Amino acid sequence: MVALSAGGVVALAIVAAVLVIVVLAAIPAIRRARDERRLHKRRDEVADAHRDRAREQEARAALAEREAKRARAEAALHEQEASMHDAGLADERLDRPVGGRFRRRDERAAERAAEAERERSGRR
């Protein structure tokens, strides 16, 4: 065994105490660094979620703008048709139903299906 003098024991105890103090002092800094990494990661996740939501809303807004533009164009066509009727330039179209070519395909398909059903029930 190695014999230590009293001075060696004291020096060893001081070194051990210093190491314990350094470790204890480093623990809060290590925790702060860990918490900062977690906070940064969470911020990134939330920011990405907001960006995704913004992209979705932009896409919906663009679609709504396209639909509004189409609706305005249809309204302008209806107004033009009305002006032509007022001027007597569209008398050949007087017997057409209002909205004829401007109606949506779904509406026309539903009307055709309803007419076909009426015809079938009328034949029986």
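Worth a mention:
Here's the yes/no breakdown for (1) assigned to a helix (DSSP H, G or I); (2) of a type in the set (Val, Ile, Thr); (3) within 33 Å of the chain's Cα centre (by Cα); (4) surrounded by 10 or more Cβ atoms within 10 Å (Cβ to Cβ):
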| position | (1), (2), (3), (4) |
| --- | --- |
| Ala11 | yes, no, no, yes |
| Leu24 | yes, no, no, no |
| Asp44 | yes, no, yes, yes |
| Ala64 | yes, no, yes, yes |
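- The lone exception for Ala3 - which of (1) surrounded by 10 or more Cβ atoms within 10 Å (Cβ to Cβ); (2) in a loop (DSSP other than H, G, I, E, B); (3) of a type outside the set (Lys, Arg) it fails: (1)
- Test: residue in region 27-35 that is assigned to a helix (DSSP H, G or I) and closer than 30 Å to Glu111 by Cα: no
Every read-out reported here was derived from the displayed coordinates using simple, explicitly stated rules and does not represent laboratory data. It should be emphasised that the depicted structure is a prediction, and the values quoted were computed from it without experimental measurement. Using ideal geometry, Cβ is built from the backbone for each residue, glycine included, and neighbour counts are taken over all protein chains shown.
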